[in-house]
Amino acid sequence: MNDLLVIAQIAGRRCALPALNVQSVIEVGTITPVPRSPAYVAGITALRSQTLTVIDCRTALGFDPDQWPCDHRAVVVPIEAHPYALIIDRIEDVTTTVGELGQVPGGFGTNWARIATGMIETRIGPALLIDVHALIAPLEELGSAA
Amino acid sequence: MDDLLADFVAETREMLEASEGELIAWEADPGDRSHIDSIFRFVHTVKGNCGFFDFPRLEKLSHAAEDALSDCRSGHREPDSALVSAVLAIIDRISEMVNAIEAGEDLGEGDDAALIASLEVGAAALVVEGPPAGAGTNGEPEATEPGDEDQGHAGKADAPTILRSIRLPVDLLDRVMSGVSDMVLARNDLAHRLRQAGNQPTIDGPFERLTTILADVRDAITRMRMQRIETLFGALPRLVRDLSGELGKQVMVDLEGGDVELDREMIEMVRDPITHIIRNAIDHGIELPSDRLANGKREIGLLSIAARQSGNTISIVIGDDGRGLDDAKIADKALAMGLIDKAERADMTREAILQIIFRPGFSTADTVSNVSGRGVGLDVVRDNLERVGGSIKVSSTPGCGTFFTLQIPLTLTIIAGLTVEVGNQRFAIPQSYVEEIVHASARALDFTCVGETALVTFRGARVPCVMLSDVLELPGSELSESERTLVLLRLTSGDLFALAVDRIHSHGDIVVKPLAPAVMKSGFYAGSTLLDDGQPVLLLDVMNIAEAYELVSDARLRMQLSLHDQEEAIASPTRLMIFTDFEGRRRAVRLELVERIETAPASAIERNAAGARVVVDGTIYPLVGLPDGTLASEKVRLLRLDDKATNLLYAVREVEDAAELAGAITPVPEDPMIEGLTLIDGATIALVDGHELFARYGRPAETGVKPGVLIPEGEWAATILGPLLESAGYVIMRDAGAASDALIMFEEDFEAAQALDMRFDAPVIRLREQPTAPPGAETIYRYDRNGLFAALESVCVRKRQAA
């Protein structure tokens, strides 16, 4: 297993996104807020002529985004034909996996369990592998419930 | 072969390719029902389409296969390998025939009886050689049948045919489209930088050209995706004619709204649903002529199909004046089929029962006809529409007719939009909803609050007013109530409400893009769009907002009742538009006369002895109210007055406001142009006499005849002369062969042409480079704008007189 991973810090934790899912990493420009949408929707922004839905991963996971400084970069992931820009703390690296996907006894904590696929060993250390679909999909349920 | 046939061939082939996998899977496991469904749909569609063209052989084959498959679906028959082979052989035959049709060959009188017979229960299995399932492997099954006459077609049909159109994957179009949008944004950025850098003639010229080219390309690309619904409607009269002939009915079609533009993909999406519904309407809805006469109806049934764009959806209504849907029969049938139970039925309204017809497997037809009634169709129709975010509803009055309403979303289409601002954020509203824009300070609005609902008075009626900042829970704006702008929105249900915003930004065509589901769920937005500066803005879902505030009919009815008495009390006062004319006098004109306020560049105004004219949106109107002498400003505010027959533009220095006519009008017999004087807010204002105005100056607008002018080649003509003429309402032609109303040439070129004894089929206006004219020359200095326009105008006047 030698898959490419995009390593990012989300709420101070090292997370890994499969590079296959990632379309690009962008500098987030002006974000147009979307009033009355769920809190984790930071707004929409334009990437050339494409409109991206900006999701703040920290808020989505139930953290306070102000606690973590942000380098204004976002990971663009297309999910079900809609492009999303995921705001994270910062991008660390692009690296390859060195081990198999594993679980940790005791789990990853309630905030993370929903979106974590498991722990993955990478060249720069262990990281939490994130399922991008889970990151968006359950959010919608939460959003409609709110 | 016409386009319809080409479409039929392409569609059949596409479906064939798509069902190939299913065929193979079915062959492997004949008992699996899920494969039968898609193969059934294929033969069903082929059958339907052949009824429309004249292919009796094809129709017989597909009908036979459909019958057999239908039995399997309803459980009357167990599919076995013999049946599979027989169906596969028929599908192969269909594929050959389609190839023959495309090649323009005659299908001949081949005998398909053997193939059809093999479908019968207990028929001997066809011996199928080689890989039978591949629909592309032409000819193999038929090798088992001696005496087949059109064996040769398979070979011939493989020969390449001439392609007259190509089918492109929609993603490719999308990519090109977004590429062009990116280019436009890059151009805007560049334009911005160029402006900062100051004038650079060497760059500005090519840059302007780039802009023009880009605009053209953008236009073309946009049109690539858009298609008038006419293309779909075009095929319907024939379909109706053939079907009604076949069923012994007389049906008249009424098509409306063919100019509604739809995304090409959407047109493909609705093509089948519409065909299905029409087929059902003619088969089940419209009665036989004798029955119609017996029921006191006209012998000829009416089928009406209307497309309409309303806000962010396009609705297509298909109605017939037939016998209508029988809800009792539908409910009984649904009960019998186990689609609903008794308790459910008791609770269902007629409306709800009617919608059962969209459930899978439902059919009311007692007998299965050749045309419809096999239970495929409406459920598929609904699924297809829902997949693209649309919906379908049916309403029906027994004995009077049935209406199907299809709603198709407008995503990825281009609509006219109004951009408004509230709390420093911009939003777009589909222009089609906008009835009027009123400044909240207007006294006549009479802003009041009844309970929590704000009301404004608009044209004598109380209209609910919603603050956009409240709707979106944005921080209250810094503007006081009277500084806001009200956008009056007319819903498709006819309800009117006012949306208060901070200010209006701009209006123009916007490309609506879909939003992510998380954002859509909020229910306030219909899509997003990019502004010229590349900023995304949200498109408001006016209908949903109105529903959230219970402003749509049903809910509002109760409220209206309570308001009714108040409305009676408000007498409708005469309203006036107050303005200052070019002589600095305050004047008023009756508001009903004012159609709208226009702003025109001074160059669009033409003055001559006969009076002044102005070109607005390609139409020439008479213009009054201009000052003597030249205009000081580049742009002129114009009131467009309308007496329902003609239009007249009244130039004003400043538009003030609308006011109510409070006191009496004192006549002023000395000035025929003035109806009288009246007091408004303590000041005397002269009221313009509309009758006299139209009697003197009113003339029907001269539409369409934009004179075409052929201009010389070269950069000067392209960048200086061309735009000048265009802004003055002329059409610029560059192709020397084109028929034009006037030719503009440089003196040197004209002399050269004369030397060659060339003839001109239009009057020539000659330009010279020097300001001073050599004696006796009939030339105009190239920067003499007035001279040039005078010459063009006189040429055009002569032409009009000649015509």
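Got a sec to turn the phi values of the stretch B:668-682 into Karplus ³J(HN,Hα) couplings, 6.51 cos²θ - 1.76 cosθ + 1.60 with θ = phi - 60°, whole Hz, x for Gly and Pro?
These are the phi-based 3J(HN,Hα) values: 10, x, 5, 10, x, 7, 10, 6, x, 10, 9, 9, 10, 6, x Hz.
Which whole number gives the average count of other chain Cβ atoms within 10 Å of the Cβ atoms across peptide B:510-517?
5
In the stretch A:24-127, what trypsin sites (Lys or Arg not before Pro) fall in a loop by DSSP, with at most 16 other Cβ atoms inside 10 Å?
Filter output for the stretch A:24-127: A:ARG36, A:ARG48, A:ARG123.
Exposure proxy check: B:LYS393, B:LYS333, B:LYS249, B:LYS342 ranked by fewest other beta carbons within 10 Å?
Result, fewest neighbours first: B:LYS342, B:LYS393, B:LYS333, B:LYS249.
Tell me which aspartates and glutamates have Cα within less than 12 Å of B:LYS644's Cα, excluding those fewer than 8 residues away on the same chain?
Answer for B:LYS644, where 12 Å is the Cα cut-off: B:GLU592, B:GLU595, listed by chain and number.
Under a 5 Å amide H to amide H cut-off, with H placed in plane at 1.01 Å, what residues pair with B:ASP741 once short-range neighbours are removed?
Counting only residues 5 or more places away or on other chains, the set is B:GLY708, B:VAL709, B:LEU710.
Could you check the spin-label model distance between B:THR212 and B:ASP171? Points 7 Å from the Cα along Cα→Cβ, value in nm.
Going from the B:THR212 label point to the B:ASP171 one covers 3.8 nm.
Once amide H atoms are built 1.01 Å from N in the peptide plane, which residues 5 or more positions from A:GLY43, or in another chain, come under 5 Å H to H?
Correct list: A:VAL34, A:VAL54.
For a quick size check, give me the Cα extents of the stretch B:42-91 along its three principal axes, largest first, whole Å.
33, 21, 14 Å, listed from the longest principal axis down.
Could you sort out which of B:LYS249/B:LYS297; B:LYS393/B:LYS521; B:LYS60/B:LYS393 sit more than 24 Å apart by Cα distance in this structure?
Table pairs above 24 Å Cα-Cα are B:LYS60/B:LYS393.
List the residues whose amide H sits under 5 Å from the amide H of B:ARG77, counting only those 5 or more places along or on another chain, with H placed 1.01 Å from N in the peptide plane.
Correct list: B:CYS72.
Of A:LEU47, A:LEU86, A:LEU135, which is the most mobile in a GNM of chain A whose springs link Cα atoms less than 10 angstrom apart?
Maximum fluctuation in the GNM of chain A, among the listed residues, is at A:LEU47.
Going toward the positive end of the dipole of the stretch B:250-300, with +1 on Lys and Arg Cβ and -1 on Asp and Glu Cβ, which of B:LEU262, B:ASN295, B:VAL251 do you reach last?
Value computed over the given set: B:ASN295.
Using a simple charge model, +1 on the beta-carbon of Lys and Arg, -1 on the beta-carbon of Asp and Glu, nothing else, what dipole does the stretch A:22-146 show about its Cα centre, in debye to the nearest 20?
In total the dipole reaches around 220 debye.
Residue separation times 0.36 nm, minus the C-alpha to C-alpha distance between B:LYS635 and B:ASP470: what's the value?
Extending this stretch completely gives an extra 55.7 nm.
Could you list B:THR678, B:THR719 in order of exposure, starting from the residue whose Cβ has the fewest other Cβ atoms within 10 Å?
Starting with the residue having the fewest Cβ neighbours, the order is B:THR719, B:THR678.
What relative contact order, as a whole-number percentage, does the stretch B:613-670 give when Cα pairs under 8 Å and 6 or more residues apart are counted?
29 percent
Would you mind getting me the FRET efficiency between B:ARG696 and B:ASP242? Use the beta-carbon distance for r and R0 = 51 Å, nearest 0.05.
0.30
For the stretch A:95-103, take each phi angle, set θ = phi - 60°, evaluate the Karplus expression 6.51 cos²θ - 1.76 cosθ + 1.60, and give the result in whole Hz per residue in order, putting x for glycine and proline.
Per residue, the Karplus-derived 3J(HN,Hα) values read 9, 10, 6, 10, x, 7, 5, x, 10 Hz.
Full-extension gain between B:SER480 and B:GLU778, please, as 0.36 nm times their residue separation minus the C-alpha to C-alpha distance.
Separation in residues times 0.36 nm, less the Cα-Cα distance, equals 101.0 nm.
Does the stretch B:629-714 come out rounded, prolate or oblate by the C-alpha gyration tensor, with a ≥ b ≥ c the root eigenvalues, rounded set by a/c under 1.5 and, if not, prolate when a/b is larger than b/c and oblate if not?
Since a/c reaches 1.5 and a/b is larger than b/c, the shape of the stretch B:629-714 is classed as prolate.
Go through B:ILE711, B:TYR650, B:GLY663 and say which Cα lies farthest out towards the positive end of the charge dipole of the stretch B:623-712; charges sit on Cβ, +1 for Lys and Arg, -1 for Asp and Glu.
Going by the charge dipole, the pick is B:ILE711.
What are the ³J(HN,Hα) values, in whole Hz, obtained from phi via the Karplus relation 6.51 cos²θ - 1.76 cosθ + 1.60 with θ = phi - 60°, for each residue of the stretch B:576-583 in sequence order, with x given for Gly and Pro?
These are the phi-based 3J(HN,Hα) values: 10, 9, 9, 8, 10, 8, 6, 9 Hz.
Can you sort B:ILE166, A:ILE87, B:ILE286 by how many other beta carbons sit within 10 Å, fewest first?
Fewest-to-most ranking of B:ILE166, A:ILE87, B:ILE286: B:ILE166, A:ILE87, B:ILE286.
What is the gain in length, in nm to one decimal, between B:ARG345 and B:HIS192 on full extension, counting 0.36 nm per residue of separation less the C-alpha to C-alpha distance?
48.5 nm
Show me B:378-385, B:170-177 ranked by packing, highest mean number of other Cβ atoms within 10 Å first.
Highest to lowest by the protection proxy: B:378-385, B:170-177.
Would you mind giving the mean number of other chain beta-carbons within 10 Å of the Cβ of each residue in B:528-537, as a whole number?
Whole-number average of other-chain Cβ neighbours for B:528-537 is 5.
None of the figures in this text is laboratory data; all of them are computed from the coordinates on show. Bear in mind that the values here come from a model prediction, so they are computed numbers and not experimental data. Cβ atoms come from the backbone with ideal geometry, glycine included; neighbour counts cover every protein chain shown.
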